[in-house]
Amino acid sequence: MNNAEHLYKVLLDNHEDFFLAISDSGLVLELNHNVESICMISRLETIGKNFFDICSKNKIYLSFGLDDIKKISEKKSESIDVSIKTDTSTTFLRFKVIKILGDNQTYYVVIGKDITELLSYKKASIKSQMYLQTIIENLPEYVYWKDVNFVYQGCNKLVSEYLNLKSPKDIIGKTDNDFGWSPDRVSFLRESDESIILSGKKNTTEDIIPLNNTPRIMLSTKAPLYDNLGKIMGIIGVSVDITEQKNMEEDLKKAKEAAEMASSYKTQFIANMSHDIRTPLSGVFGYGEELEKKIENPNLRNIAHKMVRSSHALLNMLNAMLDAVSSENMGVEDIREEPFDLPYLVQTIIDLEQCSVDLKKIELLTYIDKKAPPILLGDHEKIYHILLNLVGNAIKFTKEGHIDINIKLLEKNNNAVQVLFEVTDTGIGISRENLGKIFDLFYKVTPSHKGLDKGYGIGLHIVKNYTELLGGAIKVDSEPSKGSKFSFSLSFKIPDKDAIPKNITQISLTESDDKQLIINSAQTIKVADPMVKVEVGLNAPNILIIEDDDDLRNIAENMVSAIHCNSIAATDGETGLELAKSQAFDLVLTDIGLPGMSGIDLAKLLRQYEKDNNKNPVPIVAVTGHGQTVQKECLEAGINHIIIKPMKLQTLTELCTKFALFGEKPQSSLLFDQPDLQHVTQEHGVLGPDLPNTEAELFEINNLPIFDMENAQKILGDNAVLLMKTLKNSINITTPKELPRIKKAHEYNDWIKVADIVHKLKGTYLSLSLTRLGVACQYLERYHQAGHTALLEKLYQQFIKVLEMTVQQLKPWIE
Ligand code: ADP
């Protein structure tokens, strides 16, 4: 091989293109390395041979023949795309053919460019383009695009269908003017398109278009389309048919309004009904009471009493409902921020609940974070209500274990704190499915008809409303049989150092601290059959009881029954006298301060009657709250014995022996005995009978127990049922009935009446060992009786406060 030949060979082999020179008859004159590798042939074996024959022999499939080569050689600038397929690969080539006319023969030089990769890329891009087009075409939203002159350049199928075009392509070249839309709509669309082109920002509009003759609401978002250089080349728009959503929104809005309306009607209804029921119910209650007073027959009276009690329970429920309704309608204007003493507030709750806790033999533990400032600024009344409800529930639903009130400081800065309140119990717990419902109005896990717990399902609803009103949120964690934890956190401002906490000045009467609220409350009352009455034989002694106060009469009747005697009761002196004249009694037990004929007058008239009719004098025992002041009068009237209220069962038993009711020999004469003075009855003090020596002492009653249970049981002869029954009657019926009368009398400055009512109440309160309240009554009444006036108002206020506190403390316990 000479140099030229060598050079020629190197050139050929390094030529990236397919290089083949063939003769007019297809004989190979030259080929390069690329031809060898694509067609899997060898140069040496091929030269001089027919290219097409060799290929066919080697099973190389060519998409072209000699004719094609010749044909293309005629068109100099044209090329032809061919393929060469072997067993293992297919190569695509773009051929250019040069026809060379030699001296004695014509030959063809075929130069092929490998376009396999190019084609496959093109194919892929065509595929993805088609894919994209299919996506756009089938998009479930309306998609369209325009150029900068607002001429449509394309759209998807949904748009072409809407516009009644045969295919999406038909939109090309059209503008918004071409679809018969109203000029207003066209100019609206134009404006929005222009603003997109000008600002380069997308915009979203809502408009109504007719579709199949029905108006549809369209939400259209249009955005600028950018070219490769970042220049705006048009607009792309997507419109969504939001008619259904809009209708749904509208329906929802209407449903919400209707629900709100229904809820407000419901609230209104409950409020109205509570009011409207309250009026006739008060009538039932009032008339029932009248009836109860007038009925002589003890059985019928008992029925009337139950009726009164039931109507009272209903009234209570209505009041609770009104509370719930009012808590729902509260707004920020109902928040009363005042400085208050947080530990004191908690202590008030403990004092109130201690009795119930002791009775249930569970523990009430409190932890108040020392870091929390004690005096805070907030609506302490609502906080008190919330905590009282939670603690009350915790006690109600816990049989054993303990209740914890935890108060923790979460955050503190110069003038504000965040405090966490937690009330935890080891009670019955609440199941997961009920946790979300317990704050609903009237929801109770155990429905009322199962009678397991009393309550109206109102408390937690109020708790929720109040905590939310105060800016908190009530949370509950609970596990059945393990217990529950209710918690909420509230923010408070810290008041000035010299701010006077309101809860202290409102409740405390004197400086002394209030520790001994309820004596011996840990003792469990054994409640047997609620209406236990001792069986009394026909020949048992008969005792006439004359007492106008329902509670005292009830106590007396029960005591008489307890000592195995029969009793007949009268509520006034006149009836008592008639009974005493017409029936034989072994003992007459009469109150002195009766309305109308007094006990003393009754005694006088009875003694006269006995004398006139030659009858044996019946022993008359007078019960009085007036202590020694009436002794002489009683003696003169023929009364045999005076008992200072409260009468004790023990005293009654002694009287039986004294007056030989069961036939024994009388212990002493039937003459007047020294009265049995009660421990709270004072000797004649400087201020007057049954009053302390100094004015200051009049207000030092906070060391007296609110309820001395041990003493109460002693008075009633361990009759827990009677105690409970009378306590309930006094707290739930007598007291709420008398309080408005006292208040009215006080309003009119009618101190005589105030003292009169208070005197009557004193008897019951002392009989029940509501000692502090009894003494508050006693001081008010006696102070007035002694002719003093200076401290009357203060004593009245003391009485009201002690009364409120006593009721508050006993209420949850007796319910
Ligand atoms: P109620 O006056 O009936 O107690 P609430 O609204 O205070 O009404 O409570 C609703 C219900 O939540 C209760 O009836 C009771 O089933 C349940 N519940 C509330 N507190 C507790 C608790 N500490 N442990 C268990 N259950 C509770």
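For a test of the definition: using alpha carbon positions, the gyration tensor, and the 1.5 limit on a/c, classify segment 316-435 as rounded, prolate or oblate. It comes out oblate by the Cα gyration axes. For segment 696-815, the Kirkwood radius over C-alpha pairs fed into Stokes-Einstein at 4 °C and 1.567 mPa s yields D = 90 µm² per second. Is the shape of segment 558-625 best called rounded, prolate or oblate, per the rule: a/c under 1.5 gives rounded, else a/b larger than b/c gives prolate, else oblate, with a ≥ b ≥ c the square roots of the Cα gyration tensor eigenvalues? The shape class here is oblate.
Modelled spin-label separation between Ser310 and Ser125, with each label point placed 7 Å from Cα along the Cα-to-Cβ direction: 9.4 nm. With the highest mean first, a sort of the peptides 757-769, 79-91, 596-608 on other beta-carbon atoms found within 10 angstrom per residue produces 757-769, 596-608, 79-91. The DSSP beta bridges internal to the chain are antiparallel in roughly 75% of cases. Under the convention that each Lys and Arg Cβ holds +1 and each Asp and Glu Cβ holds -1, the size of the dipole of the chain around its Cα centre is about 1680 debye. A dipole drawn for the chain from +1 and -1 charges on Cβ atoms has a positive end, and of Ala712, Gly234, Ile545 the residue lying farthest that way is Gly234. Taken as Cα centroids, segment 306-321 and segment 71-130 sit 106 Å apart, rounded to the nearest whole angstrom. Principal axis extents of the C-alpha atoms in segment 368-481 (largest first, rounded to whole Å): 52, 29, 22.
Relative to the longest principal axis of the Cα atoms of the chain, the long axis of helix 792-814 lies at roughly 60 degrees. Which of Ser125, Tyr466, Leu211 sits farthest toward the positive end of the charge dipole of the chain, with +1 on the Cβ of Lys and Arg and -1 on the Cβ of Asp and Glu? So the residue we want is Ser125.
For the chain, just say rounded, prolate or oblate: build the C-alpha gyration tensor, square-root its eigenvalues into a ≥ b ≥ c, call rounded for a/c under 1.5, and beyond that prolate if a/b exceeds b/c, oblate if not. Prolate, since a/c reaches 1.5 and a/b exceeds b/c. Grab the beta carbon distance between Glu337 and Ala473, set R0 = 25 Å, and tell me the FRET efficiency rounded to 0.05. Efficiency computed from Cβ-Cβ geometry: 0.80. The charge dipole of segment 230-308, taken about its Cα centre with unit charges on the Cβ atoms of Lys, Arg (+1), Asp and Glu (-1) only, comes to about 200 debye.
Considering only Ile639, Gly26, Met307, the residue lying farthest towards the positive end of the dipole of the chain is Gly26, judged by Cα position with unit charges set on Cβ.
Along each principal axis, taking the top coordinate minus the bottom one, the Cα set of segment 233-351 gives 104, 41, 21 Å in descending order. Compared with the dominant Cα axis of the chain, that is its longest principal axis, helix 3-14 is turned about 30°. Distance from the Cα centroid of segment 454-500 to that of segment 631-646 is 56 Å (rounded to whole angstrom). Computed about its Cα centre, the charge dipole of segment 143-256 is approximately 200 debye, with only Lys, Arg, Asp and Glu carrying charge at their Cβ.
With a Förster radius of 56 Å applied to the C-beta separation of Lys71 and Glu141, the computed FRET efficiency comes to 0.60. From helices alone, the chain scores -14500 deg cm²/dmol at 222 nm; the rule is -39500 (n - 2.57) for each run of n ≥ 4 DSSP H residues, then divide by the residue total. At what distance in angstrom do the alpha carbon centres of segment 699-741 and segment 241-281 lie from each other? The distance from the Cα centre of segment 699-741 to that of segment 241-281 comes to 46 Å. Each residue, Asp498 and Leu7, gets one label point 7 Å from its Cα in the Cβ direction; the gap between the two is 11.8 nm. The distance between label points at Ser63 and Gln583 comes to 12.9 nm (points 7 Å beyond Cα on the Cα→Cβ vector). Sorting 310-317, 488-495 by their mean Cβ neighbour count within 10 Å, with the most densely packed peptide first, gives 488-495, 310-317. Taking Cα atoms only, the orientation of helix 243-294 departs from the longest principal axis of the chain by about 10 degrees. When you filter the GluC sites (Glu not before Pro) in segment 728-797 for DSSP loop state and at most 15 other Cβ atoms inside 10 Å of their Cβ, nothing is left. With 0.36 nm allotted per residue and the present C-alpha distance subtracted, the Thr243-Leu198 stretch has 13.2 nm of extension available. The simple Förster model, with R0 at 35 Å and r as the Cβ-Cβ distance, assigns Asn297 and Asn319 a FRET efficiency of 0.60. With a cut-off of 13 Å between beta carbons, the residues surrounding Ala223 carry a summed charge of +3, where Lys and Arg count +1 and Asp and Glu -1.
Each peptide in 204-216, 567-579, 280-292 gets a packing score, the mean of other Cβ atoms within 10 Å over its residues, and the list from highest to lowest is 567-579, 280-292, 204-216.
Each value in this text was obtained by applying a stated rule to the coordinates, not by laboratory testing. Note that this is a predicted model, so its numbers are computed, not measured. Cβ atoms come from the backbone with ideal geometry, glycine included; neighbour counts cover every protein chain shown.
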